[in-house]
Structure formats: structure tokens, C-alpha cells
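These notes are about the structure you will find just below.
FYI, it's all coordinate maths here, none of it is from the lab. These numbers were taken from a predicted model, which means no experiment stands behind them. Note that we place each Cβ from the backbone using ideal geometry, even for glycine, and neighbour counts take in every protein chain shown.
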Amino acid sequence: MAGERAVGLVRELHRTIGGSLPPFRTEELRQALEEMRALYEQNQADVSEAKSGRTDLIFLIRFRHCCLLRNQRCILAYLYDRLLRIRALRWEYGSVLPNAIQFHMSAEEVEWFNRYKKSLAAYMKSVGGEEGLDLTQDIKPPKSLYIEVRCLRDYGEFEIDDGTTILLKKNSQHFLPRWKCEQLIRQGVLEHILS
Amino acid sequence: MGWAVCPIRFAKEGDRFFIGQSAVRRRPIISGADLAPSLSRGGPRQPPFLRCLPAAFPSPRRSCSAAMFVSDCRREFYDVIVSQRVLLLVASDVDALCACKILQALFQCDHVPYTLVPVSGWQELETAFLEHKDQFKYFVFINCGANVDLLEILQPEEDTVFFVCDSHRPINVVNVYNDTQIKLLVKQDDDLDVPAYDDIFRDDEDEEEDSENESDGSEPSEKRRRFEEDVIERTMKRRQRREWEARRREILFDYEQYEYHGTSSAMVMFDLAWMMSKDLNDMLWWAIVGLTDQWVQDKITQMKYVTDIGILQRHVSRHNHRNEDEENSLSIDCMRIAFEYDLRLALYQHWSLYESLCNTSYTSASLKLWSVQGQKRLQEFLADMGLPLKQVKQKFNSMDMSLKENLREMIEESASKFGMKDLRVQTFSIHFGFKNKFSASDIVYAAVSLMENVEKEGPEAANFIKALDSLSRGNLDKLHQGLNLAKKQLRAIHQTIASCICTNLVISQGPFLYCSLMEGTPDVKLFSKPVSLCLLSKYLLKSFVCSTKNKRCKLLPLIMAAPMDVEQGTVIMVGIPPETESSDKKNFFGRAFEKAADSTNSRTLHNHFDMSIIELKTEDRSKFLDALISLLS
């Protein structure tokens with residue numbers, strides 16, 4: 001049925017909860033675009049026929065045009081929503097995305113991501129005076145300089161600002177500067193303990 | 001009596017023995033022949049549980065004899081580490097947990113970056129030290145490390161400093177007299193009786209004098225005369241030296257013979273906080289719990305407990321005086337601590353009064369609740385107080401208010417009629433919010449059962465962390481879980497005691513009593529953990545003393561054995577001192593176990609910080625016991 005594949009794409013995206021990025025469905029997108037092209041060509045043929053007298057084709061042309069618009073809307077929504085998710089990933093993961101996620105992005109999306117990164121970096125540099133301001137840190141207002149964290153799994157050695165290394169073993173507790181821990185907390189290696 | 005030969009331990013698969021600085025993997029010991037490699041191991045390193053005297057008498061790195069106790073905790077300890085990174089090595093007992101909480105709170109206040117590593121025995125201590133020694137220079141040992149020669153076991157670098165806050169006594173003499181690397185956070189007024197420096201250490205100057213005299217030479221007759229004089233002088237010196245050595249051995253033997261406990265580490269940490277004026281009500285509560293842990297586990301004498309309660313009471317009234325004033329009292333949600341002359345019944349406010357009476361060792365032993373007559377006496381006791389059975393068997397909070405009002409005085413009165421004069425004890429309770437009221441001993445039982453939770457299979461550190469969390473007021477769910485586990489534990493303990501006494505499992509071996517739990521006993525898995533087993537043994541001894549008519553047996557100590565790991569065929573063995581009215585809680589089993597193990601070549605593992613708890617192979621049990629009997633007779 002016309003428009004099914006495009007809606008299918010949107011449905012899949014709607015189903016993935018939590019803002020995670022499912023793989024880029026190149027094949028389905030190509031099929032949807034193929035369908036659009038077929039509809040368009042049929043419409044082209046019918047328009048020339050309608051112009052030369054057969055007015056009963058006008059409804060069919062109308063219908064096909066609506067299908068085309070619907071497909072266009074679905075595909076655009078799909079692509080745009082993915083871009084929004086990728087943008088959120090920059091704020092969550094930092095400038096280097098894990099490989100698993102990069103697999104799910106198409107080449108154009110990767111390029112978009114790089115350009116977004118550059119844009120964000122340029123902005124951050126311009127905002128904070130000399131050094132720039134890292135806006136991706138401290139998303140929630142910090143309560144203290146150092147936080148108590150507990151290690152949830154073996155991570156190995158971890159270096160902090162003054163050069164010293166800490167061995168992160170499962171179930172050990174540490175009291176570390178907050179800005180170093182944020183990344184690891186997001187990755188699930190450390191757990192913030194509130195006492 | 002020398003302790004020159006060390007007990008041999010068996011290794012588990014994957015155990016590491018540390019030679020020099022590197023870890024060596026050892027294969028498991030299967031037969032006696034495999035034990036030989038441990039003896040031929042070269043180098044001065046020895047396994048941690050060995051308590052040998054230093055072979056020569058090298059002076060530790062100092063020359064004068066002042067002991068190395070930190071006199072100003074704040075200046076010599078806290079100010080030193082406040083700008084450094086610190087590694088905290090914390091033993092697995094509630095007192096250590098409380099001290100750790102207080103220290104953590106201080107560190108968080110001052111942004112001292114630290115890492116916390118729980119250790120449950122000497123092996124873990126060594127492992128943790130070796131893993132972290134490159135990253136840290138300052139180590140704080142809480143409730144571990146005072147009773148062995150730390151420098152020899154851990155072999156730290158020259159600039160590493162150890163701060164030891166430990167309630168185990170006696171403190172190893174090398175730790176006392178080292179002034180550069182080991183600082184002891186111990187109160188000076190604890191009865192320490194450390195031998196004087198000159199009695200134990202002496203520099204080897206005399207050897208050189210002798211050799212100098214020998215190389216002198218001139219005329220033959222003069223030479224011969226001088227030679228004779230020299231010989232006499234040298235023999236005199238040698239005899240003096242031998243006498244000195246003999247006296248030294250005796251002094252050290254007397255000093256290290258008995259193990260006991262000093263002031264709670266939590267109280268020492270609270271003291272530090274108070275000196276810095278950073279003490280809070282929360283820290284005071286943790287100090288109280290630490291002290292109560294020592295009392296619940298019977299580690300300190302009654303007099304010391306009362307003295308320490310007096311000290312804490314002053315702090316409590318300083319922090320909590322606002323509650324006494326009716327007009328200006330704090331909101332109900334604020335935390336407040338109150339001194340109470342409370343009943344000694346375990347967990348009674350979270351249980352029913354009846355269950356609590358049945359499962360507290362004091363009442364259970366005095367009323368002899370394992371026998372039918374004991375049960376009848378319990379009924380009489382309740383009837384004497386006028387408490388209906390229906391009320392008493394329901395949850396304490398749902399008892400009638402009229403009954404609860406004068407409960408303490410009523411119980412005390414009736415109890416003295418039944419021979420229980422000390423049913424009330426001085427303690428503290430904490431109160432925050434409308435529902436949350438806990439007595440210090442409740443928290444201790446809850447934390448102990450969380451730490452030794454056998455229900456979940458997992459690394460021990462996870463249990464440690466759960467117990468540590470339960471001490472914070474924000475983690476009430478963990479505390480309630482602990483209380484439920486504690487109820488199960490106490491019930492299991494008293495059922496086991498009842499069956500042991502009824503089936504006469506406690507036998508007198510001559511110099512001590514012995515009781516061994518069989519593998520199929522219900523809840524025996526619970527008793528494979530040291531603290532639970534110790535509690536069981538202490539309560540069993542109390543009950544046994546009340547049940548036996550043999551006057552001699554009442555004064556004997558007890559050794560208790562329980563299966564530890566069925567697959568590996570090991571048994572955990574605990575020795576506790578005799579139960580007397582004025583017992584000084586000094587335990588000689590640490591030394592006795594070592595000696596017996598080495599004289600019979602039994603495969604033992606002295607891994608716990610308390611030397612009176614050991615693990616050994618089931619096959620070696622009987623010869624080990626025979627050796628103990630002959631040693632102690």
C-alpha cells in the first residue's frame with residue numbers, strides 16, 4: 001500500500017525509547033524513495049493524458065499527489081528526528097561517539113555530526129572569554145567540588161588532573177573531583193553516592 | 001619459649017604469596033610434601049600472620065625511646081594528610097565501619113581525595129597494599145595492622161607513612177617504636193603496658209669492641225695477660241647478653257601473650273573531629289555505635305564500657321540539650337540522640353517482647369530457655385509482671401500503651417526476682433521523624449548481619465558496602481533489611497545453642513571446652529562467618545555456664561569449630577576466654593593456636609585480624625586439638 005514503508009520507518013523510530021539511535025534503514029528509505037519516484041512518474045504520465053481530455057484521471061492524480069506528500073512528510077520526519085537524537089548524543093557522550101553508535105549512523109549523518117561539533121566548539125570558545133566555556137559539563141548545578149563515587153565494575157587505571165592514577169576496581173569507593181567523574185558516571189562505570 | 005618456627009598455611013587455588021615485590025602464583029597444597037616449598041622460600045619476607053620476634057635485635061629507625069603515638073591527632077595526622085591523597089584500608093567490623101564513616105565525613109568536608117578499600121584479612125590487606133602502593137603515599141589502617149610488624153610484612157617505600165587506628169592490642173613493639181613511618185592513632189591512657197625500649201632493642205656495639213681488642217698485639221707475656229683479661233671480659237659480656245636476651249624473650253612473651261581490645265576506633269575518630277570542632281551529631285552517633293559494637297561482641301570490660309559511655313554522654317548532652325527544653329525544642333524531623341537506661345533485650349522495639357526475651361543471650365541463659373522448665377519460668381516471669389501472653393507476642397509497637405509505660409521498671413523489678421540483676425544497661429538511642437527510633441545495639445546487630453549475609457552469593461566487598469550504607473540515615477531500607485536478617489541470625493543462634501546444650505555437644509577437653517557444629521546442622525552456613533561464629537560461641541558459653549553443675553567447667557574457656565567450606569574441607573575455629581563476672585576479656589588463644597599449628601604441621605590459615613580466629617583443614621583438626629590440649633594443660 002502506498003506510504004506503508006515510510007510510515008514503517010517512522011513507527012520504528014517511535015518505538016525506540018530513551019532517545020537511542022537505531023540503525024539507519026538505508027534499504028527501506030531507498031524503497032520509499034523508489035515508491036515516490038514511481039508515483040511521480042505515473043502522475044506525470046496521467047497529467048499529460050488528463051490535459052488532453054480524460055478528466056476522470058484527475059482524482060487519481062490527486063490521490064497520488066497526496067501519497068507523495070505523505071511519503072515526503074514521513075521521510076523528512078524520520079531524518080529530522082534522527083538528527084535531533086544525534087545532536088543529543090553530542091551532549092551526552094562528548095565529542096567521540098562509541099563505535100556501536102557510529103555504526104548506526106549513515107555517512108551524511110556522520111558529516112552532519114562533525115559539522116555540529118565544530119559549530120558547538122566555535123560557539124563555546126567564543127562564549128567564555130579566553131579559554132572558552134565547556135557547556136557540556138555540569139548540566140545540573142553542582143553541589144560540591146568533589147563527589148563520592150563507587151566503582152561498579154573493574155575499569156583499570158584512571159588518571160586525574162594532577163597526574164596521579166587511581167585504580168578503579170569493583171566495589172572500591174573514591175572521593176574524586178566531580179568533573180573527572182562525570183564521563184564515567186554517564187558510562188555506568190562509577191556510581192555517585194549520596195549520603 | 002621462642003616462636004622461631006612459623007605455622008605453615010595451606011594455599012587455595014589462585015592464592016598469591018608475595019616474595020619481594022612481585023606476586024607469585026602458588027599451586028594448591030594437596031599433601032604434606034607440598035608444604036616443603038614454603039619453608040625453602042628465600043628472603044626475609046614471611047607470611048603476615050607470623051608473629052616471630054625479630055631474629056636479630058636491629059633497632060628500628062630511631063635511637064631514643066619515646067613511643068610513636070600521635071599525641072596531637074590534629075597536627076600530626078590530619079594536617080599532614082589534608083593536602084594529600086589517602087588510601088583507607090578498613091577492616092570488616094562495625095567499629096571500623098563507624099570510624100570510617102566519621103573519617104569520610106571529615107574528608108568530604110575538607111575535600112581530601114581518598115580511596116576506600118575494604119579488607120577482611122591479612123591476605124586482602126597485602127593485596128590491596130601492593131595494588132595501590134605506587135599511587136599513594138599515605139595509608140590509614142582502621143582496625144587492622146596494629147598487632148603485627150607492618151613494616152616487615154608490607155615493606156613500604158621510605159617515604160610512605162602508615163597511620164594506624166586500631167583497637168586490637170597488644171600493639172606490636174616495632175610499630176610502637178618506629179617514629180618515621182608508623183604513626184599510631186591511639187589514646188595514651190589505654191592500658192598499654194608497652195615494654196621499655198631498652199629492654200627490647202639494643203645496638204650491636206659490643207661485637208665491635210671485642211674484635212678491636214683481639215687485633216691489639218705487643219709483648220708475649222703482656223699479651224697473654226691481656227688475653228686472659230680479654231677472655232674473662234668477653235665471657236662476662238656474653239653472659240650478660242644471654243641474660244638480657246632471656247629477659248627480653250620473657251618480657252615480649254608476657255606482653256604478646258594475651259590479646260584484648262582498647263578504645264573503639266570510632267571514638268578515637270570522633271575525638272579527632274571534636275578537636276577540630278567539626279563534630280556533628282551524626283558523627284557522635286557513629287561513635288556510639290562503634291562503642292556499642294565492642295560491647296555487643298564482648299570485646300571490652302564492663303568498666304571500660306561504662307567509662308566510655310560517660311565520655312560520650314557529655315558529648316550527647318552538648319549536642320542534644322535543646323530537646324530538653326520544651327519551648328525551644330527542635331522539629332521532630334531533626335536527628336536527636338538520647339541517653340537511655342534501656343533494657344538489654346536485643347531488637348525488642350522491632351520485634352515482639354516475647355521473641356526478644358527468647359533470643360537475647362542474657363535472658364535465655366539466666367532462665368535456661370532451652371529446657372521445658374525454662375519455658376515455664378519464662379511464663380512465670382511474664383505472669384509476674386502482669387503482661388498477657390497475647391500482648392507480649394505481638395509486635396512491640398502495637399502493645400498497649402498502658403503496658404509499655406512503665407515497662408522498664410516493671411521488668412527490672414521482676415527480673416531481679418528471677419536472678420537477672422543486670423537486665424538494664426546504659427546506652428543511647430537515636431530518633432528522627434515520627435517512626436524512626438533505634439537503639440544503638442539495634443544498629444550494631446543490623447550492620448553485623450548485613451556484613452555477614454550468606455543469603456546472596458557475591459563478593460564480600462558488596463556486603464561491606466551495604467553495611468556501610470546502612471549506617472547513613474538516608475538508607476533506611478537497608479537498615480530494615482539488616483534488622484530482619486539480624487532477627488533471623490539471633491533466632492538461628494539460639495536454636496543452635498538450645499540443640500547444643502540439649503544434646504551435650506559441649507565437651508570438656510581438660511584445659512578448655514570444645515564444641516563442634518556438624519555439617520548438616522540447620523543454619524550452619526550462617527556460622528561460617530567469623531563474627532557470627534564468635535557471637536554464637538560467646539552466647540553458648542554463657543548458656544553452658546548457667547546449665548552445667550560442674551564448678552570447674554564454669555571457669556574454662558571455649559573453642560568452637562564450624563564447617564567453613566565444604567568443598568575445600570576447611571573448618572573455622574574460634575577461641576574465646578572464660579566467662580567470669582570480672583573477666584578482663586584477655587584471650588590467649590591467638591598464641592596457642594599458632595604454637596599448636598606449628599608443632600603438628602597442621603595446615604592452618606591465620607587470616608583474620610583477630611588472632612584467635614583461624615581456619616584449618618578438617619583432617620588436621622584432631623591432631624591440632626590434641627596439641628592444644630597438651631600445650632594448655
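Give the order of B:Val161, A:Val149, B:Val566 when sorted by the count of other beta carbons within 10 angstrom, beginning with the fewest.
B:Val566, B:Val161, A:Val149
Can you put B:Met385, B:Met236 in order, fewest other beta carbons within 10 Å first?
B:Met236, B:Met385
Once the piece of chain linking B:Asp565 and B:Glu243 is laid out straight, how much longer is it, given 0.36 nm per residue of separation minus the C-alpha distance between them?
Extending this stretch completely gives an extra 111.2 nm.
Excluding B:Arg377 itself, calculate the net charge of residues whose Cβ lies under 14 Å from the Cβ of B:Arg377, where each Lys or Arg counts +1 and each Asp or Glu counts -1.
Taking every Cβ under 14 Å from that of B:Arg377, the sum is +1.
Output wanted: per-residue J couplings in Hz (rounded whole) for segment A:168-176, from phi through Karplus 6.51 cos²θ - 1.76 cosθ + 1.60, θ = phi - 60°, x for Gly and Pro.
Result, ordered by residue: 9, 10, 4, 6, 8, 10, 9, 10, 10 Hz.
Take the alpha carbon atoms of segment B:382-424, find their center, do the same for segment A:19-92, and report the distance between the two centers in whole angstrom.
A separation of 82 Å, based on Cα centres.
Among the listed pairs B:Lys529/B:Lys617; B:Lys101/B:Lys529; B:Lys101/B:Lys278; B:Lys437/B:Lys542; B:Lys137/B:Lys183, give every one whose C-alpha distance is greater than 18 Å.
In this structure, B:Lys101/B:Lys529; B:Lys437/B:Lys542 exceed 18 Å between Cα atoms.
Run the quick spin-label model on A:Ala45 and B:Ser599: label points 7 Å from Cα toward the beta carbon, then report their separation in nm to one decimal.
That separation, rounded to one decimal, is 10.9 nm.
At what distance in angstrom do the alpha carbon centres of segment B:483-500 and segment A:118-134 lie from each other?
64 Å
For A:Thr55, what is the net charge nearby, where nearby means another residue's Cβ is under 14 Å from its Cβ and Lys, Arg count +1, Asp, Glu -1?
0
Taking 8 Å as the Cα distance limit and 6 or more residues as the minimum spacing, I'd like the relative contact order of segment B:322-472 as a percentage.
29 percent.
When Cβ neighbours within 10 Å are restricted to other protein chains, what is their mean count per residue of peptide B:99-111?
Going residue by residue through B:99-111 and averaging, the value is 2.
In the neighborhood of A:Phe24, defined by Cβ-to-Cβ distances under 15 Å, what is the net charge if each Lys or Arg adds +1 and each Asp or Glu adds -1?
For residues surrounding A:Phe24, the net value is -2.
So what are the ³J(HN,Hα) numbers for segment B:603-616, from phi and the Karplus equation (6.51, -1.76, 1.60; θ = phi - 60°), rounded to whole Hz, Gly and Pro as x?
Using θ = phi - 60°, the values come out as 8, 10, 10, 9, 9, 7, 5, 7, 6, 8, 10, 9, 10, 8 Hz.
Each residue of segment B:242-257 in order: what ³J(HN,Hα) in whole Hz does its phi give by Karplus 6.51 cos²θ - 1.76 cosθ + 1.60, θ = phi - 60°, with x for Gly and Pro?
Whole-Hz 3J(HN,Hα) from phi for segment B:242-257: 5, 4, 4, 4, 5, 5, 5, 4, 5, 4, 5, 4, 4, 5, 9, 6.
Between A:Trp91, A:Trp179, A:Trp112, where does the largest GNM mean-square fluctuation fall for chain A, given springs only between Cα atoms within less than 10 Å?
It is A:Trp179.
Summarise the partner chain shielding of A:161-174 as one whole number: the mean count of Cβ atoms from other chains within 10 Å of each residue's Cβ.
For peptide A:161-174, the averaged partner shielding equals 5.
What length, rounded to one decimal in nm, is gained on full extension from B:Asp477 through to B:Gln188, with 0.36 nm per residue of separation minus their alpha-carbon distance?
Residue separation times 0.36 nm, minus the Cα-Cα distance, leaves 100.1 nm.
Which shape class applies to segment B:283-424: rounded if a/c is under 1.5, otherwise prolate when a/b exceeds b/c and oblate if not, where a ≥ b ≥ c are the square roots of the Cα gyration tensor eigenvalues?
Taking the square roots of the gyration eigenvalues as a ≥ b ≥ c, segment B:283-424 is oblate.
Taking the Cβ-Cβ separation of B:Glu409 and A:Thr165 as r and a Förster radius of 51 Å, what is the calculated FRET efficiency to the nearest 0.05?
0.25
Quick check: residue separation of A:Ser95 and A:Arg30 times 0.36 nm, minus the Cα distance between them. What number comes out in nm?
20.4 nm
With label points built 7 Å along Cα→Cβ from the Cα atoms of B:Ile311 and B:Glu222, find their separation and express it in nm.
Using points 7 Å along Cα→Cβ, the separation is 6.6 nm.
Show the residues, 5+ positions off or on another chain, whose built amide H is closer than 5 Å to the amide H of B:Leu517.
B:Ala561, B:Ala562
For A:Leu190, enumerate residues with amide H under 5 Å from its amide H, sequence gap 5+ or separate chain, H modeled in the peptide plane.
The answer is A:Leu152, A:Ile185.
With label points built 7 Å along Cα→Cβ from the Cα atoms of A:Val110 and A:Asp134, find their separation and express it in nm.
The two pseudo-label positions are separated by 2.6 nm.
What's the FRET efficiency of B:Glu157 with A:His14 using the Cβ-Cβ distance as r and R₀ = 56 Å, to the nearest 0.05?
0.40
Across peptide B:276-283, what mean number of C-beta atoms from other chains lies inside 10 Å of a residue's C-beta?
The mean count of partner-chain Cβ atoms within 10 Å per residue comes to 0.
Springs between alpha-carbon pairs under 10 angstrom, Gaussian network model over chain A: which of A:Thr136, A:Thr55, A:Thr26 fluctuates most?
With Cα springs under 10 Å in chain A, the top fluctuation among A:Thr136, A:Thr55, A:Thr26 is at A:Thr55.
How do B:Arg336, A:Arg64, A:Arg37 line up, fewest other C-beta atoms within 10 Å first?
Exposure proxy ranking, most exposed first: A:Arg37, B:Arg336, A:Arg64.
For B:Glu380 and B:Ser416, FRET efficiency with R0 = 22 Å and r from the beta-carbon atoms, rounded to 0.05?
0.95
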